[in-house]
Amino acid sequence: MKIGIIGAMREEIIPLLEIFGKYEEISLGGNIFYCVSYKDSEIYIAYSKIGKVHSALTASSMILYFKCEKIIFSGVAGGLRQDLKVGDLMIATKLCQHDVDISAFGHPLGFIPESKIYIQSDPKLNEIAKSVAKRYEFDLKEGIIASGDQFINNAEKKQWLIEKFNADAVEMEGASVAVVCDLLQVPFCIFRSISDSADGQADVSFDEFLDSSARISANFVKNMVDTLLQQDNL
Ligand code: ADE
């Protein structure tokens with residue numbers, strides 16, 4: 001099987017490269033794809049750079065050029081829900097683009113004609129993630145993730161995301177990866193560990209917890225990959 005694992009920032013994939021150890025580097029479209037041979041499979045790991053455009057290109061490259069059959073995102077997010085604390089890990093049930101606004105033409109926020117507001121992540125991959133969490137007695141959270149090309153660090157915007165999109169966490173890449181995978185019919189799942197609470201202190205919290213939260217997500221993704229490959233061999 002060929003699996004693509006995307007992070008947005010270098011810090012989000014470093015723990016994965018450390019875990020998998022040996023890799024070949026392939027440059028394409030401003031990204032370096034770290035290709036790992038692992039248990040008769042190939043894993044392509046890359047950081048896209050921040051934002052929806054960059055992550056859409058990386059996901060497209062993984063699918064169309066490297067022929068990845070599953071896409072996993074691993075990284076950090078701002079928590080919007082009260083119960084989400086730094087270091088908690090969330091898997092996205094569905095994702096939306098909170099910065100899409102053509103309401104001037106009567107469309108709901110986040111809606112693009114011929115598309116949809118929310119893109120569902122793959123139920124089978126999400127089930128595997130839950131089975132991994134159960135096996136390791138890991139408290140994996142689930143929720144709606146809103147993505148946009150903005151770092152959210154104020155209480156009003158945070159409240160707006162909750163009210164308008166019922167969002168549980170916010171980041172800057174998940175929904176674009178979701179759109180690409182959905183259109184190209186490649187199963188995907190999105191893991192995000194909480195680095196901040198998208199409030200007035202979010203920038204400070206993000207800087208402090210980026211590395212540790214990214215590592216929590218990466219460690220879980222490693223177990224996810226092992227389980228996925230095991231099931232593929234059954
Ligand atoms: N990624 C992590 N924290 C974030 C935030 N507060 N806003 C957008 N993306 C994030």
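The values are calculated or read from the model by the stated rules, or taken from the named source; none is laboratory data. Because the structure is a prediction, the values reported are computed rather than measured. Note that we place each Cβ from the backbone using ideal geometry, even for glycine, and neighbour counts take in every protein chain shown. With ligands, DNA and RNA removed, areas are computed over all heavy atoms of the protein, side chains included. Shrake-Rupley method; radii C 1.70, N 1.55, O 1.52, S 1.80 Å.
Miscellaneous remarks
- From the list LYS85, LYS22, the one residue that fits, being closer than 22 Å to ASP207 by Cβ and surrounded by fewer than 16 Cβ atoms within 10 Å (Cβ to Cβ), is LYS85.
- Residues being aromatic (Phe, Trp, Tyr) and either open to solvent by less than 70 Å² (accessible area, probe 1.4 Å) or within 16 Å of the ligand (Cβ to nearest atom) (or both) - total across the range 97-156: 3
- Subset of the range 55-69 [open to solvent by 60 Å² or more (accessible area, probe 1.4 Å) and touching a strand residue (DSSP E or B) at 6+ places or on another chain (Cβ under 8 Å)]: LEU57, TYR65, LYS67, GLU69
- Sole exception among (1) outside any helix (DSSP H, G or I); (2) in contact with a helix residue (DSSP H, G or I) (Cβ under 9 Å, 6 or more places away or on another chain); (3) within 22 Å of SER193 (Cβ to Cβ); (4) in contact (Cβ under 8 Å) with a residue 24 or more places away in the chain for LEU84, by number: (2)
- Subset of the range 220-234 that is touching a helix residue (DSSP H, G or I) at 6+ places or on another chain (Cβ under 6 Å) and among the polar types (S, T, N, Q) - its residue that is least open to solvent (accessible area, probe 1.4 Å): THR227
- Matching option when the condition is over 16 Å from CYS189 (Cβ atoms) and either without any contact (Cβ under 8 Å) to a residue 40 or more places away in the chain or open to solvent by less than 60 Å² (accessible area, probe 1.4 Å) (or both), among GLY75, GLY29: GLY29
- Within the range 170-212, the set of residues being polar (S, T, N, Q) and farther than 19 Å from LYS157 by Cβ comprises SER176, GLN185, SER193, SER212.
- Members of the range 181-219 that are touching a helix residue (DSSP H, G or I) at 6+ places or on another chain (Cβ under 6 Å), farther than 16 Å from LYS70 by Cβ and away from the ligand (no atom under 12 Å from the Cβ): ASP211, ARG215, ALA218
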